[in-house]
């Protein structure tokens, strides 16, 4: 890529998550160092306020403000042509994201987002893959809590399995442990939009139910079936589990990573996710509650009520709440022949997953894509397949994530 004016442009910087990403980049990378970056959106006054909140008065002029409109293709084309990478927080992406993806694909511009909208990714990937591959645009979805800890975590675990035992884990069980964080208004909006789309197009339900829907066309499928939807006891963890709502996204991203990397974990690789809990009773309550909640959101009147009562895009927890948040995720890799050689990775984040940690992960993904030596060419990638070791190192060094191997067979 020819040298461009900026390395990273944060698109949607005046939104709640956009403000957090801007604040993170300002604190971590400053405005007069090696990272050349800018903030962008539709409203200059709002962007001025964001810049003023993040920087001292003497520094503000060093952070450019750019204007564009997601409904104006020409303005988007002009915006993305100025930068190596666009970092976007503007969702739901199924409603607002496609024109920006198209512009980046046309311009050969890198792209990172926070989407967890499987139905949208399944549409835009085949629509713009050819263009992105031809121009060299590296487009990477799911660069927040969905799905970086799970995707990079699986990659990191498998690298260790291969190095230590010479074989990959044939099955990775990911189990969410303790977490503390607020519900994301953006995630709520994306979920409601998915339900709205499914109400008008029943085929969407079949599409998102496909465990391999994000795999490249013609790629072999593996043994995975539907996501867990009931309470189950996991003997490897010695605990009851219940369905994890974001497994719908993460599992498909991890399987896509395996395919894009050339199946280093095998074509029969098995991957699943669930949430750990203390008892069978709590697991059943959570599983039933999750099922009833999804049924309720499928009904138009209930969905409209939820839209009024649940957090909206742009709403989020206070700084104190974000900083008090945390999460822990366990990835248990099963050795294909000798279960005594199983490995277990613990991934932790030091802020609430949906906002504080997500903002740092997205920021680091965009910087990694812009500055680090590419490991992938143009096209649509996952975090693990596009950035792998470089992103994992940035997350551990800068973004408050830890990757620690623990005893896979605790007494």
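All of the numbers you see were taken from the coordinates with simple rules; none came from a lab. What you see is a predicted model; the values in this text were computed from it and never measured. Here Cβ is always computed from backbone atoms with ideal geometry, including for glycine, and neighbour counts include all displayed protein chains.
Relative to the longest principal axis of the Cα atoms of the chain, the long axis of helix 247-260 makes an angle of roughly 80 degrees. Would you work out if the stretch 166-273 is rounded, prolate or oblate? Take a ≥ b ≥ c from the square roots of the eigenvalues of the alpha-carbon gyration tensor; rounded if a/c is under 1.5, else prolate when a/b is larger than b/c, oblate otherwise. Oblate shape, in that a/c is at least 1.5 and b/c is the bigger or equal ratio.
Extent of the stretch 175-224 along its three principal axes (Cα atoms, max minus min coordinate, largest first): 39, 33, 15 Å.
Suppose we keep just the DSSP beta bridges with both residues in the chain; what percent of those would be antiparallel, to 5?
50 percent
Computed over the Cα atoms of the chain, pair by distinct pair, the Kirkwood hydrodynamic radius stands at 21.6 angstrom.
On the beta carbon distance between residue 346 and residue 32, with R0 = 30 Å, the FRET formula returns roughly 0.20. Projecting label points 7 angstrom from Cα along Cα→Cβ for residue 159 and residue 230 puts them 3.9 nm apart. Once the C-beta distance of residue 134 and residue 78 is scaled by a Förster radius of 25 Å, the resulting FRET efficiency is 0.75 to the nearest 0.05. Ordering of 364-376, 142-154, 196-208 by packing is 142-154, 364-376, 196-208, highest average first (other Cβ atoms within 10 Å, averaged per residue). With 10 Å bins beginning at zero, the pair-distance distribution over Cα atoms of the stretch 101-150 amounts to 28, 52, 20, 0 %. State the extension gain, in nm to one decimal, for the chain segment bounded by residue 288 and residue 389, taking 0.36 nm per residue of separation less the distance between their alpha-carbons. Additional length available on full extension: 32.5 nm. In this rough spin-label picture, where each label sits 7 Å from Cα along the Cβ direction, the residue 372-residue 98 distance is 3.2 nm. Across the stretch 330-411, Cα-Cα pairs farther apart than 21 Å form 43% of the total.
Using just the alpha carbons, could you tell me how many Å³ per residue the convex hull of the stretch 1-133 encloses? Please list the in-between numbers first.
Working: hull volume 13.5 nm³, N = 133.
Residue-normalised Cα hull volume stands at 102 Å³.
Estimated at 0.36 nm per residue, the fully extended path between residue 278 and residue 212 surpasses their Cα-Cα distance by 20.6 nm.
Calculated FRET efficiency, residue 62 and residue 320, Cβ-Cβ r, R0 35 Å, to nearest 0.05? Calculated value: 0.75.
Please arrange 409, 332, 165 by counting, for each residue, the other beta carbons lying within 10 Å of its beta carbon, fewest first.
In increasing order of surrounding Cβ atoms, one gets 409, 165, 332.
Normalising the average separation of contacting C-alpha pairs (under 8 angstrom, six or more residues apart) by the number of residues puts the relative contact order of the chain at 21 percent. Any chance you could give the angle, 0 to 90 degrees and rounded to 10, that helix 358-371 forms with the longest Cα principal axis of the chain? Long axis of 358-371 versus the principal axis of the chain: about 70 degrees. The alpha-carbon atoms of the stretch 317-372 define a convex hull whose volume equals 106 cubic angstrom per residue.
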